[in-house]
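The values are calculated or read from the model by the stated rules, or taken from the named source; none is laboratory data. Quantities reported herein were computed from a predicted structural model and do not represent experimental measurements. Using ideal geometry, Cβ is built from the backbone for each residue, glycine included, and neighbour counts are taken over all protein chains shown. Surface accessibility is based on the protein's heavy atoms, side chains included, excluding ligands, DNA and RNA. Shrake-Rupley method; radii C 1.70, N 1.55, O 1.52, S 1.80 Å.
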Amino acid sequence: MHTLSQRQYFLDWLRIGAFALLVLYHVGMYYVSWTWHVKSPDASTALEPFMRLSSPWRLSLLFLISGAATSYMLLRDGTTARWFGGRSKRLLWPLLFGMAVIVPPQSYFEVVQQHGYGGSYVDFLQLYFSGHAGFCKPGSGCLILPTWNHLWFVAYLFVYTAVLWALLRLWPRALDAIATGLARMQRGTAGLWAPIAVLALLRVALIDRFPPSHALWGDWYLHAIYLGLFVVGAAWARDSQAWLRCAELRWSALAVALAAWGAMIVLPLWLATTPEARAQWTWLGRTMFAAMQWSAIVAAVGFARVHLNRDHRWRATLAESVFPVYIAHQTLIVLFAMGFKPLRWPPAIEGPLLAALTLVASFGVYLVVRRVDWLRTVFGLAAAARTATPPRSGVPVSAR
C-alpha cells in the first residue's frame, strides 16, 4: 500500500490554498462579532455566513494533510530518533520564537483595546514574560501570558507527530492496518456518511464537556477531531486508492457540504424562536457542522486530486513559504488593522486592503527569512544547504 514513489503535488496545492484561506479568515475575524484579539469598530454579523463556509473544515483539512505528509516522510526516512529530533527542531523553535517575538504585539493591542491598558509596549513586555495574570474579564477568565495565540496549531502538530512516531516505533505496520480498516469502512457512499456519523457523535458527546480552548491540556474534543484526522491522513498516505476514493465522491461531497452550510445558516434563525426548540434540536446543528466538516474535506481532496496533481515552477517556492507566512500573518493583520483604525475607512475598502497587505507582507517576510540561516531555523525552514534547489517532489514539503 506504500505510495512513496508517487508524487502527490495536489497535497501541496491544498496546503497552500488552505493557509491562504486561513489568512483571509483571520482578516474576517476582525470584522465579525465573534471573539478575537482585536475588533473593528464596525464589527457586525454580516460576514459570518461566509466565514462559516470554511470554519468547520479548514483546520481539519490541514491536520489531515499534515498527517499524510508526515507519513510520507516517515516512509522515506524511517522512524529513527534522529528523524524525530529533526522534526522537533522544525516545530518547537518556531513555536518558542513565535511566543517570544511574533505573538506579543497581538497581546499588547488586545489588552489595550479590551482591557484599557495604558502602558507602553516595553512596559507590557515585562508583564508578558513575567506571566502577569491581571488582565481579566468577568465570565471569560484571565488572559494567559505568555501565550501562543494562532501558533497553537504548531504545538498540536508537534504533539500529534510525537504520538504517530511513538506508535510506529511500537507497531511499525500500524498505519497499514489502519489504512486497510478505513478502506473497508469507506466503500461507496459510506466514505461520506460513516465519518460524518463519527464526527457528529464526537461533537454531540464532547463539545459541551470540553469546549475548544487551544490550550493543549484538557482540549479533548479538538484532540479527538484533529488527532483523528491527522491519523486518517497518515493512513491514507499508505493507501494509493484513498485519494481516488475522494475523487470519486467529490461532487456528492460538494453537494452535502453546501446543503449542510445552508442548514447551518438557517437553523440558528429557527432555533432562536424558543428555548425549547434550541434545547431539542441542538444536536441537529452539530450534525450539520460534522456533515460540512467531512464532506468539504472530501470535496477539497477529491477536486484537488483530479485537477491539481501536477507540478508548477512556483509550487515548491509557495509550499516553502507557507510556514513563515503562517507564523507572521496574524501579527501583521493586527498591526495593519491598528494602523488603519484612526482612518475610519469603511470595511468594504479597509478589509480587502488589509487582506492584500497581509498576504504581500507575509510573503515578504518569507523572502527575507529564506536568506538568513538563523531566521530559517526559527521560522521552521530547513537549513539553506538542503534547500538550495527547491524539492521537486510534492510530498515532503507538505508537512512543514
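Side notes on the structure shown:
- One residue alone among LEU168, LEU267, LEU222 is assigned to a helix (DSSP H, G or I), within 18 Å of ARG52 (Cα to Cα) and either at pLDDT 95 or above or within 25 Å of the chain's Cα centre (by Cα) (or both), and that residue is LEU222.
- Qualifying residue in the range 187-204 (condition: among the hydroxyl-bearing types (Ser, Thr, Tyr), out of contact with any Asp or Glu (no Cβ under 8 Å at 6 or more places or on another chain) and modelled with pLDDT under 95): yes
- Single residue of PHE84, PHE10, PHE63 found to be surrounded by fewer than 21 Cβ atoms within 10 Å (Cβ to Cβ), in contact (Cβ under 8 Å) with a residue 40 or more places away in the chain and under 30 Å from LEU168 (Cα atoms): PHE84
- Test for GLY351: is it open to solvent by less than 80 Å² (accessible area, probe 1.4 Å), in contact with a Phe, Trp or Tyr (Cβ under 8 Å, 6 or more places away or on another chain) and assigned to a helix (DSSP H, G or I): yes
- Consider the range 105-134 and keep the residues that are among the aromatic types (Phe, Trp, Tyr), crowded, with 19+ Cβ neighbours inside 10 Å and within 27 Å of the chain's Cα centre (by Cα). The one that is farthest from ARG87 (Cα to Cα) is PHE109.
- Taken residue by residue, the range 131-140 has no member that is at negative phi, touching a residue at least 12 places away in the same chain (Cβ under 8 Å) and part of a helix (DSSP H, G or I).
- Taking the criterion of being charged (D, E, K, R) and in contact with a Phe, Trp or Tyr (Cβ under 7 Å, 6 or more places away or on another chain), the only residue of the range 43-57 that qualifies is ARG52.
- Scanning the range 290-332 for residues that are part of a helix (DSSP H, G or I) and open to solvent by 40 Å² or more (accessible area, probe 1.4 Å) gives PHE303, ARG305, VAL306, HIS307, LEU318.
- Members of the range 173-200 found to be assigned to a helix (DSSP H, G or I) and surrounded by 17 or more Cβ atoms within 10 Å (Cβ to Cβ), listed by number: ALA174, LEU175, ILE178, ALA179, LEU182, ALA183, GLY191, LEU192, PRO195, ILE196, LEU199, ALA200
- The one condition from (1) crowded, with 19+ Cβ neighbours inside 10 Å; (2) part of a helix (DSSP H, G or I) that PRO56 does not meet is (2).
- Among the residues making up the range 195-221, a single one is free of Cβ contacts under 8 Å to residues at least 40 places away in the same chain and in contact with a His (Cβ under 9 Å, 6 or more places away or on another chain): PHE210.
- Condition met for TRP236 (out of contact with any Cys (no Cβ under 8 Å at 6 or more places or on another chain) and surrounded by fewer than 22 Cβ atoms within 10 Å (Cβ to Cβ)): no
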